[in-house]
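S.K.: If you scroll down you'll find the structure; I have some questions about it.
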Amino acid sequence: MSLSFDRHRRLRQTAAIRAMVRETHLRVDDLIYPLFVVEGSGIRREVPSMPGVYHLSLDRLTEEIDEIAKLGIRAVMVFGVPDEKDEVGSQAYCETGIVQRAIRQIKAERSEMVVIADTCLCEYTSHGHCGVVENEQVLNDPSLELLVKTAVSQAQAGADIIAPSNMMDGFVAAIRHGLDEAGFENVPIMSYAIKYASAFYGPFRDAADSAPQFGDRKTYQMDPANRLEAFREAESDIKEGADFLMVKPALAYMDIIRDIKNRFPLPLVAYNVSGEYSMVKAAAQNGWIDEKSVVMEMLTGMKRAGADLIITYFAKDVARWLAE
Ligand code: PBG
């Protein structure tokens, strides 16, 4: 009897052979580490729903950036958590706002660190929405004006990349125009082009104190059930001048990452969001999963799906594991 079948196991026999035929590689250059900066001093306070993630005041930021740089991570994304919030998110575009000061400090102390500014209003508005609110409606065009001011003030502070996350229509066109007018034609836009209205942002909203005070974000963020809409969003943002596209969240949207990678020739970013982080942390703390293996598998999966870059709260751990 002659059986005929393929011997796939030939290429799995040893660690060395497996390494030779490995198709996907996670590299430290792929990682972007998010930071939460707060006002005050001497603050390094762990976010309760995100173990290992801290609120940092500016005087504690330097040591954090030193650690990140020592691990070989080249890019950070800064989120500001201001003391004062108002209806129009004034602190988002204030020259002395917490994010503007954080960006200036990082660039002054370590100019080679790529500083990406998240451009949104929800951390700065009293109602917690990402735009201007009137009669409980989030208005599109009036919000654009404030987002442009925010982006320009972040670029003035020294941000290397502007990453608008607010999901107003036309935000890339408006911000590109505003940056160009202000002389920042070389500052790229990393658009949160495909951002779903996701329950996985829960822990971030604790960290950034940015939960909407009424309603939800479903009139501006995307319906998790939709795929073709992701193509429309990506097309608009490319037409408007985006330099990077992002898909967010990552884990429940691997198909979208692959689809976008196949269709559009821009660098693609996956955001491994707060809820994805907290679930792993909680299970690991209970001894139910092996954190390192699970995290490496998740992030390798995101790269295999087509992500070129990954924004992740695990960046420091991953950099350590990659160096081992
Ligand atoms: C701001 C913003 C959010 C996240 C990144 N930028 C929150 C939201 O849209 O509610 C979430 C990131 C995360 O969950 O890790 N709009």
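S.K.: Being assigned to a loop (DSSP other than H, G, I, E, B) and either touching a Leu at 6+ places or on another chain (Cβ under 8 Å) or open to solvent by less than 10 Å² (accessible area, probe 1.4 Å) (or both) is the filter here, so list the residues in region 101-121 that pass it.
M.R.: Of everything in region 101-121, those that are assigned to a loop (DSSP other than H, G, I, E, B) and either touching a Leu at 6+ places or on another chain (Cβ under 8 Å) or open to solvent by less than 10 Å² (accessible area, probe 1.4 Å) (or both) turn out to be MET113, CYS120, LEU121.
S.K.: Pick from region 174-201 the residues that are surrounded by 15 or more Cβ atoms within 10 Å (Cβ to Cβ) and in a helix (DSSP H, G or I): which of them is farthest from the ligand (Cβ to nearest atom)?
M.R.: Selected residue: HIS177.
S.K.: Does any residue of region 218-238 turn out to be within 18 Å of the chain's Cα centre (by Cα), surrounded by fewer than 17 Cβ atoms within 10 Å (Cβ to Cβ) and within 13 Å of the ligand (Cβ to nearest atom)?
M.R.: no
S.K.: Taking region 132-157, which residues are open to solvent by 50 Å² or more (accessible area, probe 1.4 Å) and assigned to a strand (DSSP E or B)?
M.R.: GLU134, GLN137 - these are the residues of region 132-157 that are open to solvent by 50 Å² or more (accessible area, probe 1.4 Å) and assigned to a strand (DSSP E or B).
S.K.: Taking interchain pairs and intrachain pairs at least six residues apart, which have beta carbon atoms under 7 angstrom, with the first residue in region 112-128 and free of Cβ contacts under 8 Å to residues at least 40 places away in the same chain and the second more than 8 Å from the ligand (Cβ to nearest atom)?
M.R.: Hits for this filter: zero, empty list.
S.K.: Within region 213-322, which helices (runs of 4 or more DSSP H) (wholly inside it) include 2 or more residues that are closer than 15 Å to LEU26 by Cα?
M.R.: 291-305
S.K.: Then there's this: Among the numbered criteria (1) open to solvent by 10 Å² or more (accessible area, probe 1.4 Å); (2) without any contact (Cβ under 8 Å) to a residue 60 or more places away in the chain; (3) among the small types (Gly, Ala, Ser), which one does ALA270 miss?
M.R.: Only one criterion in (1) open to solvent by 10 Å² or more (accessible area, probe 1.4 Å); (2) without any contact (Cβ under 8 Å) to a residue 60 or more places away in the chain; (3) among the small types (Gly, Ala, Ser) is unmet by ALA270, namely (1).
S.K.: I would also like to ask the following. Just to verify a result, which residue in region 287-319, among those that are of a type in the set (Ser, Thr, Tyr) and more than 24 Å from ASP118 (Cβ to Cβ), is surrounded by the fewest Cβ atoms within 10 Å (Cβ to Cβ)?
M.R.: SER293
S.K.: Here's a follow-up. Go through region 79-100 and report how many residues are part of a strand (DSSP E or B) and surrounded by fewer than 20 Cβ atoms within 10 Å (Cβ to Cβ).
M.R.: 1
S.K.: Kindly indicate whether ASP6 is open to solvent by less than 40 Å² (accessible area, probe 1.4 Å) and farther than 23 Å from SER153 by Cα.
M.R.: no
The values are calculated or read from the model by the stated rules, or taken from the named source; none is laboratory data. On a predicted model such as this, the values are computed, not experimentally measured, just so you know. In this analysis, Cβ positions are derived from the backbone assuming ideal geometry, glycine residues included, and neighbour counts consider all displayed protein chains. For accessibility, only protein heavy atoms count, side chains too; no ligands or nucleic acids. Shrake-Rupley method; radii C 1.70, N 1.55, O 1.52, S 1.80 Å.
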